[in-house]
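I have placed the structure first, in the form of structure tokens, so that the comments after it can refer back to it.
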Amino acid sequence: MAQSTSAVSGSEVTAGEHLFDYRFAYSPENDGRDEGFVHRFHYQHGFTERLRGRALLTFGKRGAEPLKARIASLEALFQFKERDGRSGWDSAIRLDGNIPLEADKPGRGRVAWHNQYRLENGVELRGVLLVGREFGDLARPGASIETREEATYKLKSGLRVGAQMFNVYGTTADFGSFDEQRHQIGPVVKGKLGKHLRYEASTLFGVSKAASDADFRLFVSYAF
């Protein structure tokens, strides 16, 4: 598995918004695995105040191998719960499908439940539950289960600082032990530069043997 370029996405949809996003992740050599690079590009659009679509393309490489297109994906997110005012709970359901661009990778479809809660004191909590199913000749049996969590605090400058946790538990056919699953945790910083440009910088450290020792990530997006 490539290092993660996933975020702990929020649940809010902005009608009419166009957003272009570039994400980069780097994992140094560890436990006999070559260093890895991943580049991800996506475009998303808010069709209504509730519905958002996204298309993305991921490129990656390990060691001396050439950079290759790995995955194309389409997503649709529907926000069914919107908070009242500056604080409260937002929630959404997302459907996504991965189309593998390599012969040795299966396809995948998933359903994700996004939750976001903002407190009056600047704290924001996010959580995502993802359930998926692979398809194709190389598909694993059972349904895959993942969770992502994030807690951040907004500083007076507008900068958000906090921590993230990513957990990939395997499939319902074989969860395996804790060390056979992928569990990562680490700090995150995110903010805005002007009206349109947003950024997020984070590091995920592996807390189970199957996870990368460290993934260094930088996301930049332009919205209008």
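Tabulated results
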read-out	value
Trypsin sites (Lys or Arg not before Pro) lying in DSSP loop within the range 9-52, provided at most 15 other Cβ fall within 10 Å	Arg50
Rg over Rh [alpha-carbon atoms, Kirkwood Rh] for the range 139-224	1.10
Alpha-carbon spread of the range 1-50, three principal axes, descending order, Å	47, 17, 12
Nearby lysines by direct alpha-carbon distance to Lys192 (threshold 29 angstrom, same-chain neighbours under 8 apart not counted)	Lys81, Lys154, Lys156
Net charge, Arg83 excluded, C-beta distance under 12 Å - Lys, Arg +1, Asp, Glu -1	-3
Partners for Lys68 among lysines (Cα-Cα distance below 26 Å; same-chain residues under 8 apart left out)	Lys105
Structure-derived Rg/Rh (Cα atoms, Kirkwood Rh): which label, when the choices are [x] 0.95; [y] 1.09; [z] 1.02	[x]
Bins of 10 Å, starting at 0 and running to the largest distance - Cα pair percent for the range 1-134	11, 35, 33, 16, 5, 0
Equivalent ellipsoid, the range 121-187 (semi-axes from 5 times Cα gyration tensor eigenvalues, Å)	33, 12, 8
Span from the the range 101-141 Cα centroid across to the the range 192-224 one, whole angstrom	17 Å
Accessible surface ranking that places the most exposed of Phe80, Phe59 first, with a 1.4 angstrom probe	Phe80, Phe59
Over the range 64-172: Rg over Rh, Cα atoms, Kirkwood Rh	1.08
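The values are calculated or read from the model by the stated rules, or taken from the named source; none is laboratory data. Predicted model, so just to flag it, every value in this text is computed and none were measured. Positions of Cβ are generated from backbone atoms using ideal geometry, with glycine treated the same way; all protein chains shown enter the neighbour counts. Just so you know, the surface numbers come from the protein's heavy atoms only, side chains and all, with ligands and any DNA or RNA stripped out. Shrake-Rupley method; radii C 1.70, N 1.55, O 1.52, S 1.80 Å.
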